[in-house]
Amino acid sequence: MQRAFSTLKRLLSIQIRSQLQYPLSFIMDVIGNALILGFYFIAFTFALSQFEGISGWTLGEVAFIWGITEFSFGVMDMLFSGFDYDSFGPVIRKGRFDQMLLRPVNITLQVLGSRFVLRRLGKVLEGLLIFIFGLSQLDIHWTLIKILYVPVLSISQVLFFGSLFIIGATTTFWTMERLEILNIFTYGGSEIMSYPMHIFPRPIRLIFTFLVPAIFLSYFPAVFILGKSDPLHAPKFVSFIAPLVAVLMMFLALRFWHYGIRNYQSTGS
């Protein structure tokens, strides 16, 4: 196992060095990505400024959950890029996955280290700035539990989104092509988690509660941290199960991933 992680570290370091060959271009790329992604929030800010809030939530409160979700998704998208549909699909179709299976290194770590998109730091930076902006607009009654729960929540979201990427990558063992419907749960899920969940119609809330439990990774923890009342009247403990949900999702995703590997048939490429 130590050898496998050493190999992963080496693979990632090679990719990082290659992407930093032109530092100025890299910095401009990161800043450009952050600005482009941030324009959406800026437009939302201007729209919301015409109203007192969104269903009882102020701009600062929305910025709080928006920022932490964007930050976490950006970190995940950087770390789990190897499982992204756009990158893993060609690996299957061109037969490169067969080559990975022949190597004496853990296959999951190989895929994890096969792609590391450092420019995703733009999304991470954007999320961090929005999060800081949200905090500047709020007067949160901080306790030790709340302070510790914020980084735990972010890590939980990284694992949660990563598990969705792994599930999506596994489906390509059978489909060979990207399933666009899965974007509803990955990129669409990150969008929904950026807003207070109670504003959405009941069918959407049910999907993102029982099928893809995103509501436990954003809305309910935010209700606790921000001291908001919950129009959904959920039990108090659901605000604290984000780590459990994330670990469970990752466990199920890895089980599905290994099932896919066991039933994988070469493309013959």
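The values are calculated or read from the model by the stated rules, or taken from the named source; none is laboratory data. What you are looking at is a predicted structure, and each value in this text was computed from that prediction instead of being measured. All Cβ positions, even for glycine, are placed from backbone atoms using ideal geometry, and neighbour counts span all protein chains on display.
Brief remarks on what is shown
- Among all positions in the range 89-99, there is at least one residue which is out of contact with any Gly (no Cβ under 9 Å at 6 or more places or on another chain), closer than 28 Å to residue 34 by Cα, surrounded by fewer than 21 Cβ atoms within 10 Å (Cβ to Cβ) and modelled with pLDDT under 90.
- Test for residue 156: is it assigned to a loop (DSSP other than H, G, I, E, B) and hydroxyl-bearing (Ser, Thr, Tyr): no
- Residue within the range 132-139 that is assigned to a loop (DSSP other than H, G, I, E, B) and either in contact (Cβ under 8 Å) with a residue 40 or more places away in the chain or under 17 Å from the mean Cα position of the chain (by Cα) (or both) present: yes
- Residues located in the range 134-160, provided they are at pLDDT below 95 and touching a Ser or Thr at 6+ places or on another chain (Cβ under 9 Å): 137, 138
- Flag if residue 185 is buried (at least 19 other Cβ atoms within 10 Å of the Cβ), of a type in the set (A, V, I, L, M, F, W, C), within 13 Å of the chain's Cα centre (by Cα) and modelled with pLDDT under 95: yes
- Under the condition of being assigned to a helix (DSSP H, G or I) and either among the β-branched types (Val, Ile, Thr) or touching a Leu at 6+ places or on another chain (Cβ under 9 Å) (or both), the residues counted in the range 1-28 number 12.
- Extreme residue, nearest to residue 140 (Cα to Cα), among residues of the range 63-79 that are hydrophobic (A, V, I, L, M, F, W, C) and surrounded by fewer than 24 Cβ atoms within 10 Å (Cβ to Cβ): 71
- The sole residue among 60, 95, 67 that is on the phi > 0 side of the Ramachandran plot and touching a residue at least 60 places away in the same chain (Cβ under 8 Å) is 95.
- Search result, residues across the range 20-62 that are more than 22 Å from the chain's Cα centre (by Cα), among the polar types (S, T, N, Q) and surrounded by 14 or more Cβ atoms within 10 Å (Cβ to Cβ): 45, 58
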